[in-house]
Amino acid sequence: MYTYNPKSMDPNEFINDAEIKETLAYADAHKNDMALINEILEKARPVREGNGCHCRGLSHREASVLLACEDPQVLERIYQIAEEIKLAIYGNRIVLFAPLYLSNYCVNGCVYCPYHLKNKHIARKKLTQDEVREEVIALQDMGHKRLAIEAGEDPKNNPIEYILECINTIYSIKHKNGAIRRVNVNIAATTVENYKKLKDAGIGTYILFQETYHKESYLKLHPTGPKHDYDYHTTAHDRAMEAGIDDVGLGVLFGLELYRYEFAGLLMHAEHLEAVHGVGPHTISVPRVKPADDIDPEEFNNSISDEMFAKITACIRLAVPYTGIIISTRETEATRSKLLRLGVSQVSGGSRTSVGGYAGYTPDERPHDTEQFDVSDQRSLDEVVRWLMENGHIPSFCTACYREGRTGDRFMSLCKSGQILNCCHPNALMTLTEYLVDYASPETKEIGFRMVEEELKKIPRDRVREIAREHIEAIKASNARDFRF
Ligand code: SAM
């Protein structure tokens, strides 16, 4: 029998099955306890502190009570507070990124993923360095500055040296005014030594999805290959942090197991990182299982409705206010629109999930042969940028924080000190201007320049506003780029 202990390094103790089951029973017992629910909602609200703001977050038990509550008025308040937190901490900025698939060779047997070893229909492909270059140029020409690299797990075809070489190539390419300034990495669990190498290569966030926190299901869903090792997979973020990577990303693949179990497990994982390393996860991703080659999502009978998906996202926002929430193009424009109001802070745009899916294709052509899953939001980056602005969000291509060493818990200090509007906000506007000048369509430019003008006025410090304006004028008038606070 394992005992729940968030500080333990044993995943059976920090993601403790008995604790999750007790949490769910507690949530059921209290889901109509309005006094408790009001107390939890009050705790979640952002509190103004001087010029800044502070959020206390919620424990996995508190957040699970909210998730279990079926009262429509409570749901409205959850949504309202999620939006308040989003605006208080992140403002109206939304960070943009794109995935870059390096290789779909994989030795694992994940039953929901088309890259699984036994899938003989799928074409296998691994990018050469020349192909990486072509993909990166295509991504730069779209306007991207931030990538998440993706690869199957295959020590022979995709060893760490290959991943490192690709990262070097990506950072080295300066095409026209383009540059990839932050490479996040989504590769299989590995050793402290390899995480150190990734850290030295200058990666942004190390992202690894748990897929499911339900150990028994995990073992069945990952029947073969190194990923079968639940304990090794679940402690990967600890090893990454031990290796000095401050920013790590968590995620659950919703649809595989019962969502309430996953929700509690995910928050317990965040609490564990905070308890052991003093920093919670930098991001949480909320993917849902999608149809793919050899994969029928109907086989996973735990799919969640759009309504429940929105509620889960909002409850995550209340529980971990300083953690970015990522929503990918797995979701439709309509779902993404709704979730952007409920706390999401990062979205992908113009994504291709096949290996070599960007270079040489027109915006309407989508190669499917090496694809991981079908994306629902197939709009171009320009369309996504315009849509964000039409809905009042500032599309941000900012990568300043990690390049200025503001990783780990330093973002929280920035929020508390009230400096977000003097720092992140101008950075978002300057990178948006870069995008508008270098890549946007005339229609997007028109909306964008108007937005930049309006948003500049919101910068509180006169000197910062003046400098931001000067930089914006320089971006418009010359090839000077990459200004940041
Ligand atoms: N191979 C690495 C690993 O095992 O963690 C990470 C890369 S994999 C390309 C990225 C993520 O895609 C996986 O963690 C999984 O959650 C997600 N994924 C796999 N199959 C999927 C599907 N059919 N629908 C949606 N997401 C899927």
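The numbers here are math on the coordinates, done by the rules we state, and not lab data. Just so it is clear, the model here is predicted, and its values are computed rather than measured. We place every Cβ from the backbone using ideal geometry, glycine too, and count neighbours over all the protein chains shown.
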**Item:** Inter-part distance where region 436-470 and region 181-234 are each reduced to a Cα centre, Å
**Value:** 39 Å
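List C166, C415 from most exposed to least, where exposure is judged by having the fewest other Cβ atoms within 10 Å.
Numbers: C166 27, C415 21.
Ascending Cβ contact count within 10 Å gives the list C415, C166.
Which value in Å does the Kirkwood hydrodynamic radius of region 131-173 take, with 1/r averaged over all unlike C-alpha pairs and then inverted?
On the way: mean 1/r = 0.0896 Å⁻¹.
The answer is 11.2 Å.
For Y195, what is the net charge nearby, where nearby means another residue's Cβ is under 13 Å from its Cβ and Lys, Arg count +1, Asp, Glu -1?
Summing Lys and Arg as +1 and Asp and Glu as -1 gives -2.
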**Request:** Could you please rank M430, M451, placing first whichever residue has the fewest other Cβ atoms within 10 Å of its Cβ?
**Result:** M451, M430
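Counting only other residues whose beta carbon sits under 10 Å from that of I472, what net charge do I get with K and R as +1, D and E as -1?
That works out to -2.
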**Item:** aspartates and glutamates whose Cα lies under 15 Å from that of K118, excluding same-chain neighbours fewer than 8 positions away
**Value:** E153, D154, D293, D294
**Prompt:** Suppose R0 equals 35 Å; then what is the FRET efficiency for K196 and R450 from their Cβ-Cβ distance, rounded to the nearest 0.05?
**Reply:** 0.15
**Message:** I'd like the distance between the alpha-carbon centres of region 99-162 and region 308-356, rounded to an integer number of Å.
**Reply:** 22 Å
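For region 1-90, what mean projected area does the convex hull of the alpha carbons give, in nm²? Don't skip to the end; give the middle numbers.
Numbers: hull surface 29.0 nm².
About 7.3 nm², averaged over all directions.
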**Prompt:** Picking from N427, A480, I447, whose Cα lies most toward the positive end of the charge dipole for region 416-485 (charges on Cβ: Lys, Arg +1; Asp, Glu -1)?
**Reply:** N427
**Message:** Given a Förster distance of 45 Å, report the FRET efficiency between Q129 and E298 from their Cβ-Cβ distance, rounded to the nearest 0.05.
**Reply:** 0.70
**Prompt:** Where in region 122-151 does the amide nitrogen come within less than 19 Å of the point 7 Å from the Cα of N177, taken along Cα to Cβ?
**Reply:** 137-146
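Counting GluC sites (Glu not before Pro) as exposed when in a DSSP loop with at most 14 other beta carbons within 10 Å, what is the longest stretch of the chain free of them?
Details: sites that count: E70, E365, E404.
Counting only loop sites that pass the neighbour cut-off, the longest clear stretch is 71-364.
Per-residue ellipticity at 222 nm for the chain, helices alone: DSSP H runs ≥ 4 residues times -39500 (n - 2.57), over residue total, nearest 500 deg cm²/dmol?
Details: 20 runs with 219 residues, N = 485.
Value at 222 nm, helices only, nearest 500: -13500 deg cm²/dmol.
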**Asked** Which aspartates and glutamates have a Cα lying under 13 Å from the Cα of K7, excluding residues fewer than 8 positions away in the same chain?
**Response** D238, E271, E274
**Request:** Return a whole-number percent for the relative contact order of the chain, with Cα pairs under 8 Å and 6 or more residues apart as the contact set.
**Result:** 19 percent
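If a/c stays under 1.5 just call it rounded; otherwise compare a/b with b/c (prolate if a/b is bigger, oblate if not). Do that for region 418-477, with a ≥ b ≥ c from the square roots of the Cα gyration tensor eigenvalues. It would help to have the intermediate numbers written out before the result.
Values: a/c = 2.22, a/b = 1.84, b/c = 1.20.
It comes out prolate by the Cα gyration axes.
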**Asked** Tell me, I447, I40 in order of fewest to most beta-carbon neighbours within 10 Å?
**Response** I447, I40
**Asked** Pairs K156/K196; K21/K338; K31/K145; K21/K290; K86/K174: which exceed 32 Å Cα-Cα?
**Response** K31/K145; K86/K174
**Request:** Name the cysteines of the chain that stand alone by the Cβ rule: no other cysteine Cβ under 4.7 angstrom.
**Result:** C53, C55, C69, C106, C166, C315, C398, C401, C415, C423, C424
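Tally Lys/Arg at +1 and Asp/Glu at -1 over every other residue whose Cβ is under 12 Å from the Cβ of E271; what's the total?
Local net charge: -1.
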